[in-house]
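Read the figures in this text as sums done on the coordinates, not as results from a lab. Since the structure is predicted, the reported quantities are computational estimates derived from the model, not experimental observations. Cβ placement follows ideal geometry from the backbone for every residue including glycine, while neighbour counts extend to all protein chains displayed.
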Amino acid sequence: MKTNAKIDALQLMLTDLRTRHEPIRHKAAFKGCQPEFQTLVTKLIEQLESELLMEKHSLREKINNS
């Protein structure tokens with residue numbers, strides 16, 4: 001499938017968020033906000049996945065209409 005820079009960026013961001021970032025998580029846990037931090041990460045992943053799907057759909061439509 002043909003890709004574009006936005007799709008690549010979204011996929012990289014999702015991969016990065018799904019990887020455990022111990023220094024960031026440690027800081028959140030130290031401040032007592034680990035559950036809130038994880039909730040935000042989950043929401044961000046869901047938002048990015050949705051945007052990625054929309055971007056792929058848009059790209060497919062452009063290819064099919066060419």
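What to note about this one:
- Computing percent of Cα pairs over 16 Å apart for the structure here picks out one of (1) 55; (2) 67; (3) 37, namely (1).
- Segment 5-64 - charge dipole about Cα centre, Lys and Arg +1 at Cβ, Asp and Glu -1, debye rounded to 20: 140
- Electrostatic bookkeeping for L10 treats Lys and Arg as +1 and Asp and Glu as -1; over the other residues with beta carbon under 12 Å from its beta carbon, the sum is -3.
- Helix-only mean residue ellipticity at 222 nm for the chain, each DSSP H run of n ≥ 4 adding -39500 (n - 2.57), per residue, nearest 500: -27500 deg cm²/dmol
- Computed extension length for K31-A9: 4.9 nm, one decimal, from 0.36 nm per residue of separation with the Cα-Cα distance subtracted.
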